1. Can you give the alpha-carbon Rg of region 153-218 over 2.2 N^0.38 Å, where N counts its residues?
2. I need the calculated FRET efficiency for the pair Tyr142 and Glu76, taking r as the beta carbon distance and R₀ as 25 Å, to the nearest 0.05.
3. Excluding Ile118 itself, calculate the net charge of residues whose Cβ lies under 12 Å from the Cβ of Ile118, where each Lys or Arg counts +1 and each Asp or Glu counts -1.
4. Please check which bits of region 99-136 a label hung off Trp220 would reach, taking the label as a point 7 Å along Cα-to-C-beta and the cut-off as backbone N under 19 Å.
5. For the pairs Lys228/Lys288; Lys228/Lys294; Lys114/Lys209; Lys183/Lys294; Lys32/Lys114; Lys7/Lys32, note any where the Cα-Cα span goes beyond 18 Å.
6. Would you mind ranking Cys120, Cys175 so that the residue whose beta carbon has the fewest other beta carbons within 10 Å leads the list?
Amino acid sequence: MILTEEKTYIINVTEVDTDAELGLNKKDIMIKYTNLELLHAVLASTMPYGRLSARYRGKRKAELQSRIAMVESVLETRGDQLAKAEQIMYLDTAERSAICHYLGIIYTRLIAQKLYGIDCMVPLNLIEQPGEKKFVKYNGAYRQDLIGYGKQNAWSVWEPVGRSENSQAAFGNGCRAASEIEKINENPLAKSAACMTYYERGYLNAVVKEPERTGDGTLWFPEENYFKAYYQPFFELFADEQPGELYGSSGGFELELTLPWTEEGKRGFRHLQIGTDPVTIALMREGKYDQILKRMENVLDLSKECRFCGEDGIWVGAE
């Protein structure tokens, strides 16, 4: 598949009711999404990762280029759906596991935004504790739950599950983990769910289950640390540019990322644009990350300019 190719895809998502017994009470939903919406999900899912290695100029670009190449290599287009590419079968078990893990995160992000209006998602173990360089724990352990945020303090907990040899066991574990947390900063959760991506007859599908909550746990973290975990990597991406390389477009600023072709026989390069408005750039520069999303009232409609602007105020374009 080619992520920079203008196209609309569909994915079948099965919703399982909270009180469904034996998975019998289901609802199938067909979600439509564009290549730019998928690119935005890849971008937003890539940014919080890669914290272990030292910072260096161009690191964020390299991470994003690698993740895009991965998605393009392991999925192929069949009509208006995406399917498992044959070459994934040549990878070893560890590589396939890592790919399924990241695809699960990317599609959890996309589905949560499309169906439930989740504006941001951040891994719990990348939110800093107050005044420390350590990260938030739950019950004394580091966990990889995705913490979602929607408008009006609509917090949610998501457990992404990628296709694996033990998918059903992993999905069950994800449901149990999602059921343990009841509140975030004294706010009752708007939603807690496990989201599993899997292949059916080779086609990519997903199932979302909101289990009955069995725990009464509360997560605590400063909201500003949550938004810092989400937006700081974006600022690092923009800050990697030399002065003057950010150019004005669509009422804001963009950087351009060069992508090699992953399709055989194609030569030359493609171009990905990533942008945001001047006020967001200024807030990033001042470290006021918690003010960015809260000032977003209307997402920019940039469709005529071949751009898609996410609810987080970050837009992407491709050519």
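1. It is 1.21.
2. My answer for the efficiency is 0.10.
3. Numbers: positive: Arg109, Lys114, Lys151, Lys191; negative: Asp119, Glu311, Asp312.
So the surrounding residues net to +1.
4. 124-136
5. Violating the 18 Å limit, Cα to Cα: Lys183/Lys294.
6. Cys175, Cys120
Read-outs: derived from the displayed coordinates by stated rules, not from any lab. Owing to the predicted nature of the structure, the values given are computational and were not obtained by experimental measurement. Don't worry about glycine lacking a Cβ; one is built from the backbone with ideal geometry, like all the others, and counts go over all protein chains shown.
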